[in-house]
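For reference, the structure is listed below as structure tokens.
No value in this document is a laboratory result; all are computed from the given coordinates. Owing to the predicted nature of the structure, the values given are computational and were not obtained by experimental measurement. Glycine also receives a Cβ, built like all others from the backbone with ideal geometry; neighbour counts cover every protein chain displayed.
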Amino acid sequence: MRPMVRLTTFALLLAASAAHAQTGAAVQSPTRAHVEMLASSKLEGRLAGSAGEKLAAEYLVKELQRMGAKPLPGQADYRLPFAFTAGSKDAGSTITVQREGAPARTFTTREQVMALSYSDNGEVSGPVVFAGYGLVVPPSQNFSYDSYQGLDVKDKVVVVLRYFPEDADMQTRAAVARYSDLRYKAQAARQRGAKALVVVTGPRSPNAGNIVPMTFDTALAGSGLVATSANGEVAQAIFAAVPDKSLEAVQKELDSGNPHVAGFAVTGVTLTVKADVSRERQTGHNVVGYFPASMTAPGVDKPWVVIGAHYDHLGRGATGSSLASKEQAGQIHHGADDNASGTSAVLAIAEALSKQPRKRNLAVAFWSAEELGLIGSNHFVTTPPVPITGMAAYLNFDMVGRSTDNKLTVQATGTSPMWPKMLEQANVAAGFDLILQEDPYQPTDVSSFNQAGVASLAFFTGAHVDYHKPTDTAEKINYEELDRIAEFATDITRRLLDLERAPQFTKVEQKTEGGGRAGMRIFTGTIPDYATEVKGLLLGGVIGGGPAEQAGLQKGDVIVEIAGQSIANIYDYTYALELLKIGQPAKVVYMRNGERRETQLTPAARK
Amino acid sequence: MTMRPLVTFLVAGLTAASASAFARFDDDALGRGEPTAQAPAPAANQERDFLSRVRRLTVEGRRAGEGYWSPDGKRLVFQSERDPSNPFYQIYVLDFATGETKRISPGIGKTTCAFFRPGSDQILFASTHHDPKSKQLQDEELAFRASGKERRYAWDYDPEMEIYAFAEKTGAMTRLTNAKGYDAEASYSPDGQWIAFSSMRDAYNRQLSPQEQKQLETDPSYYGEIYIMKADGSEQRRLTTEPGYDGGPFFTHDGQRIVWRHFDEQGLIADIWTMKLDGTDKKQITSFKSMSWAPYEHPSGEYFLFASNKLGFENFEVFMVDKAGAKEPVRVTYSDGFDGLPVPSPDGKQLAFTSSRSGGGAGQIFLAQWNHENAMKALAAAGPRK
């Protein structure tokens, strides 16, 4: 770009960055080498607790040392280990059905009995109560649903159906769907004094008669009772004691959604339920260093600013959140965007600020086990090595390597009234087409800091078709834009380090209630684009072979209506999904190139 | 995203018509397009023919708009609702070198439509701060908002609106108009000696018939006419007399003509016009059969940029048209909701505009690099005016 005759300072900035782009080969990107290292096959997808994670941690420690960062006060090492449950398996759960006057039958195979991942281990016996779908919906808006109405389950074994009434009207389904997660059902049973919970997938439901697979459930708060699922064979053995009624007939009555269809005690049967879950404990490592304040600034409150990114990813995709196709199964998930990009941005910011004077301490944090449920950052904020109340602000970087059209999404802006002004000022020079989202309840580590009451921001450049697949590789990163994002965030971090008064924290109300996604039992194969704000749900892509692809939906389509429910945002969409019926085509209205179109999408069961 | 009942939509239409006076803009009433107006991905690519590096400039506050460049291109003056104690627009100046923004208006009452005076430290804008009811109106609006209720955004043509010149060095405010009725939408001539503006004083300086009185109560903008005055407020002269709202006047860069928008009597159709500074030689530049307004000349003098809802009642896009109006306008923006108030930088290489593309319905100011060469090619290729 030639210099303009009437160069404004602003134009100069633009000219400078354009020149930078043109001579990209000559000017070294401050992030590229980091991304290429972290996303390399040598690190094997950086699964928390794996050898690849340790290699990545080693790299980060070396970088922190090179820049002159120190371990946090009171810590000997940059690595802050934490234990987590890496997986769970059933190690021999059984159910014995003892009917009066009949020989006891014991079910022992994994097709017949499987503990729920959050079950207590132990063996209990007791009389049986069938409690329908085991749903308890707190009364609201003239609606309530209580499967336990009129039932005494104290010290008994409760048998319930999985999911929720299949034939209920839309309103009822909407109301109960959120409470149909098995965790809620277990909690409801425990609160009523049950000894054990046995979940059966009814003959009229998706996955009929199958046990509930043990999901990798990392948020492993014990449910406080013995909880298993049992297959149709076990269910038959129990319901054989019920005169004149098959399980299918019982379910059909319940499926109307009429809250007055009651459960009942199954007389003459004693169940002995033994749950045995073996949990694999592993150790993950957050890597945290800091640059101490270089000036004594008496007026400054809250002496810490924290910048962070998770550096773990999915390894070879053995966990549930991999979206690898069958052909890609078992391949290394490189996680270049998720989240070598954010890790590299944090390294670049730290490097840029390492030599500058600062009034606050700058903590530089790399989280592990984010992909398993924000475990590393949660561990940090719940057992903070430095007081959490001393943290002025937290900036998070997760998936910042795929910026297009000059767009940058900044989330959690509702956590402080200061953010809009600061972002506006810093962005005058940076020049991003900013998209602001107030909501801090994001599926990334910013959530942990928001919960801890720290004013936070999360930088994000949007989901894409390579999300959680082996194809999220380093050569697809937009380094020029990644470097610009790092520069922009460096400016914001510098402002935060020198502010006299820390940003005031404001609590943002959570938009979703109840179980949210937890109640989801269906699979549509859509990949929402969280970054671009449109009215409706913009698809960042569709999963190959999934229901959305089969319905002809593609990247760029905007879903505006599904099954008669209008969709204005991701929350509406999530909510509407809960109302769909598996295997039953639903009308989808969507916009493509400004044109309104319709298709039929047939949801599949989420296993 | 339920479809609006037809009745509401019609009401919205009326609001939009009158609100576009907001001199130069309104957003909420216009910005909430129906789903048919979704911006599809390929359209964004079309926008790149003329605009690149589109970026949001204003972030703070509920809404912002009407960004006008300083003559040296180093600053932008705009209006924004960002003061927690005042729910109405105040005027701010943004410095591109520092990123700092400071308020230059009094903070009390309503303001709109600022403009830098070339060769001077003065900035003009319209304000109601002299109205003793100002504080009360602010408090009422704040209480209304606090109650959680929402009303459709509409510009109210406050008859207290008067034009002031603010001197940056001394902070002095000079009142330039003193006529009952809305005086606003003002801009300086390139030599800084003249001001063109819109005024509704005609509704107050004579006896109105009952029918005219009713018109004033339902839509005062009908009485909007273009006036010109010296930069000190003297020699105020009326330049337009046709029925229907005349507003948003700007001087062309050679200082020879005024470009403005003229509404029909119903306030639904508007077109771009130009005239000499004495009000003679009036020329209609567009016949676009839609609400076409907020015209601003590109510094090359070759074409005007403006906003129009040609493609959907609530979907305003930026268009451009050749200086003689010989050809059909060419579409510039491709984005759901509102895109309008296009103002090129003094060097003609950037464009400031107001858009609701960041979501939420309310407008914010955006900047983009402007491709003048492509604009000239597209204008040359445009078909003859229909």
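So for A:LEU161, B:LEU57, fewest C-beta neighbours within 10 Å to most, what's the order? Walk me through the intermediate numbers first.
Working: A:LEU161 30, B:LEU57 24.
Ascending Cβ contact count within 10 Å gives the list B:LEU57, A:LEU161.
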Which of B:GLY233, B:GLY107, B:GLY119 fluctuates most in a GNM of chain B (C-alpha springs under 10 Å)? That residue is B:GLY119
Distance-filtered residues of the stretch A:472-511 - backbone nitrogen under 12 Å, label point 7 angstrom along B:ALA97 Cα→Cβ:
none
Counting only residues 5 or more apart in sequence or on a different chain, those whose built amide H sits under 5 Å from that of A:ALA393 are A:VAL306
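Taking N as the number of residues in the protein assembly as shown, what is its alpha-carbon radius of gyration divided by 2.2 N^0.38 Å?
Values: Rg = 32.4 Å, N = 993, 2.2 N^0.38 = 30.3 Å.
Against the empirical 2.2 N^0.38 Å value, I get 1.07 for the protein assembly as shown.
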Give the long-range amide H neighbours of B:MET291: residues separated by 5 or more places, or on another chain, with amide H under 5 Å away, using H modelled in the peptide plane at 1.01 Å from N.
B:ALA270, B:ASN309, B:LYS310
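Dipole size in debye (nearest 20) for the protein assembly as shown around its Cα centre, Lys and Arg Cβ +1, Asp and Glu Cβ -1? Could the numbers behind the result be given before it?
On the way: 105 positive and 114 negative charges, 255 e Å.
Dipole of the protein assembly as shown, to the nearest 20 debye: 1220 debye.
Ranked highest first by average number of other Cβ atoms within 10 Å, how do B:158-167, A:324-333, A:363-372 line up?
Values: B:158-167: 22.2, A:324-333: 15.9, A:363-372: 28.5.
Result, highest mean first: A:363-372, B:158-167, A:324-333.
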Rg (Å, one decimal) plus Dmax (Å, integer) for the alpha carbons of the stretch A:80-230?
16.1, 60
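Give the calculated FRET efficiency between A:GLN191 and A:GLN584 to the nearest 0.05, with a Förster radius of 51 Å applied to their Cβ-Cβ distance.
Details: r = 34 Å, r/R0 = 0.66.
Efficiency, from the Cβ-Cβ distance: 0.90.
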Sticking with the crude label model, points 7 Å out along Cα→Cβ, report the distance from B:ASP72 to A:LYS507 in nm, one decimal please.
5.0 nm
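Can you put B:ASP83, B:ASP219 in order of Cβ neighbours within 10 angstrom, beginning with the fewest? Display every interim value, and only then the final one.
Working: B:ASP83 16, B:ASP219 20.
Arranged by neighbour count, lowest to highest, B:ASP83, B:ASP219 become B:ASP83, B:ASP219.
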In nm, the gap between the two label points placed 7 Å beyond Cα toward Cβ at A:VAL261 and B:GLN266 is 5.7 nm
Extension gain (nm, one decimal) between A:THR404 and A:GLU480, 0.36 nm per residue minus Cα-Cα
26.3 nm
Quick check: from the Cα gyration tensor, does the stretch A:30-150 come out rounded (a/c under 1.5), prolate or oblate?
prolate
Sparsely packed trypsin sites (Lys or Arg not before Pro) within the stretch B:130-191, loop by DSSP, other Cβ within 10 Å at most 14
B:LYS133, B:LYS149, B:ARG151, B:ARG152, B:LYS169, B:LYS180
Folded to 0 to 90 degrees: helix A:479-498 orientation relative to chain A principal axis, Cα:
80 degrees
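Counting Lys and Arg as +1 and Asp and Glu as -1, each charge on the Cβ, what is the dipole of the stretch A:522-605 about the Cα centre in debye, to the nearest 20? Intermediate results must be reported in sequence, preceding the final value.
Values: 7 positive and 9 negative charges, 33 e Å.
Rounded to the nearest 20 debye, it is 160 debye.
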Give me the distance in nm between label points sitting 7 Å out from Cα along the Cα-to-Cβ direction at B:ARG151 and A:ASN593, one decimal.
4.4 nm
Could you give P(r) for the stretch A:522-605, binned at 5 Å from zero, as whole percent values over all Cα-Cα pairs?
3, 17, 30, 31, 16, 3, 0
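Please average, across the residues of A:427-439, the number of beta carbons from any other chain that are within 10 Å of each residue's own beta carbon, and give a whole number.
Counting Cβ atoms of other protein chains within 10 Å of each residue's Cβ and averaging gives 5.
Defining a contact as two alpha carbons under 8 Å apart and six or more residues distant in sequence, what relative contact order in percent does chain A show?
Over chain A, the number comes to 15 percent.
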Counting DSSP beta bridges with both partners in the stretch A:92-275, what percentage is antiparallel, nearest 5?
65 percent
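In what sequence do A:ILE543, B:ILE195 fall when counting other Cβ within 10 Å, fewest first? Kindly include the intermediate steps, with their values, before the conclusion.
Numbers: A:ILE543 18, B:ILE195 26.
The most exposed by this proxy come first: A:ILE543, B:ILE195.
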With the dipole of chain B worked out from charges on the C-beta (+1 for Lys and Arg, -1 for Asp and Glu) around the Cα centre, which of B:MET173, B:PRO71, B:ALA143 lies farthest toward the positive end?
B:PRO71
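In terms of the ratio Rg/(2.2 N^0.38 Å) built on C-alpha atoms, what value belongs to the stretch B:262-386? Working shown, then result.
Numbers: Rg = 14.1 Å, N = 125, 2.2 N^0.38 = 13.8 Å.
Here the Cα radius of gyration is 1.03 times the empirical estimate.
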In whole Hz and in residue order, list the ³J(HN,Hα) couplings for the stretch B:80-91 that follow from phi through the Karplus curve 6.51 cos²θ - 1.76 cosθ + 1.60, θ = phi - 60°; x for Gly and Pro.
8, 8, 9, 9, x, 8, 10, x, 9, 4, 10, 9
Antiparallel DSSP beta bridges within chain A, percent to nearest 5:
65 percent
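Calculate the mean, over all residues of peptide B:361-373, of how many other protein chain Cβ atoms lie within 10 angstrom of the residue's Cβ. Can you show the working numbers first?
Numbers: counts 1, 0, 0, 3, 0, 1, 5, 2, 4, 0, 0, 0, 0.
What the average comes to for B:361-373 is 1.
Strictly greater than 28 Å: what percent of every Cα pair in the stretch B:6-381 meets that?
Numbers: 27293 of 70500 pairs.
Counting every Cα pair in the stretch B:6-381, those more than 28 Å apart make up 39 percent.
Please work out the FRET efficiency for the pair B:ALA143 and A:SER294, using the Cβ-Cβ distance as r and a Förster radius of 35 Å; give the result to the nearest 0.05.
Working: r = 48 Å, r/R0 = 1.36.
So, using R0 = 35 Å, E works out to roughly 0.15.
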Relative contact order of the stretch A:203-347 (C-alpha contacts under 8 Å, at least 6 apart) in percent is 19 percent
What percent does the relative contact order of the stretch A:119-204 come to when contacts are Cα pairs within less than 8 Å and at least six residues apart?
35 percent
